[in-house]
Each structure stands twice: as structure tokens, then as C-alpha cells.
Amino acid sequence: MKPLNFAILKLFTDGKEYCRKDVQDVLRADYGSFKAFKDHQMDEALMTAKSNGLIEESRLDMVDGKLVIYYRANQDGIDAINSYIK
């Protein structure tokens, strides 16, 4: 099993966009019991990946009065992720 942060990044290599909840839904079966799987820590992991240039914000949305940030990896980000994580 890959570390959680690696699994998060690897998810984005399909070129689709995901919000934090989407990422959690996909990874819950394998990583749901991890301490770092909580909303705040997952948001931090996504923001860190964004600040490192691996993913980018693709759109913002309001759901039930809360801001939802969607991320995606462009081709450069996908190539970088795939070069580091097999």
C-alpha cells in the first residue's frame, strides 16, 4: 500500500478533477482509518500538492453554503507525479 499522500497524487494522474470529498470517497476503503484522512488534513495535503505545482485549482463551487475547491493535474503535473510515484 502506498503512503496516503502518494495515493492522493496518483489519483490525479487520470486527468480528472476532484474535490476533497471526491478524493476521500475514492480512497476511503484503503485509507479511511488513517488519522490523516480527516477533512482538515486532506485539505492540507491537497493545498500542499497545489503549492508544489503538482495539481492546480480547476474550479470553485458553493455547496450548502460551503466553498468546495476542485483540483486537477495538468500534463506537466501528471508527468511529474508519474516520474516520482510508480
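The values are calculated or read from the model by the stated rules, or taken from the named source; none is laboratory data. These figures come from a predicted structure and were not determined experimentally. Counting neighbours? That spans all protein chains shown, and the Cβs are built from the backbone with ideal geometry, glycine included.
Name every residue in the stretch 24-39 that is outside any helix (DSSP H, G or I) and in contact with a helix residue (DSSP H, G or I) (Cβ under 6 Å, 6 or more places away or on another chain), in order of residue number.
Across the stretch 24-39, the qualifying residue is only F34.
Flag: K21 does not match the condition of being within 18 Å of I85 (Cα to Cα) and part of a helix (DSSP H, G or I). Of all residues in the stretch 53-83, those satisfying the criterion of being under 15 Å from D43 (Cα atoms), part of a strand (DSSP E or B) and hydrophobic (A, V, I, L, M, F, W, C) are L60, L67, V68, I69. For the stretch 19-44, enumerate the residues that are in contact (Cβ under 8 Å) with a residue 24 or more places away in the chain and either more than 20 Å from D61 (Cβ to Cβ) or among the basic types (K, R) (or both). Of everything in the stretch 19-44, those that are in contact (Cβ under 8 Å) with a residue 24 or more places away in the chain and either more than 20 Å from D61 (Cβ to Cβ) or among the basic types (K, R) (or both) turn out to be R20, K21, D30, Y31, F34, A36, F37. Among the criteria (1) part of a helix (DSSP H, G or I); (2) in contact (Cβ under 8 Å) with a residue 24 or more places away in the chain; (3) out of contact with any helix residue (DSSP H, G or I) (no Cβ under 8 Å at 6 or more places or on another chain), the one K16 does not fulfil is (1).
Condition check ((1) acidic (D, E); (2) within 9 Å of the chain's Cα centre (by Cα); (3) part of a helix (DSSP H, G or I); (4) closer than 26 Å to D79 by Cβ) across all residues:
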position	(1), (2), (3), (4)
K2	no, no, no, yes
I8	no, yes, yes, yes
F12	no, yes, yes, yes
Q41	no, no, yes, no
A49	no, yes, yes, yes
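Residues checked against (1) surrounded by fewer than 13 Cβ atoms within 10 Å (Cβ to Cβ); (2) modelled with pLDDT of 95 or more:
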position	(1), (2)
M1	yes, no
D22	no, yes
D25	yes, yes
K38	yes, yes
I55	no, yes
Q75	yes, yes
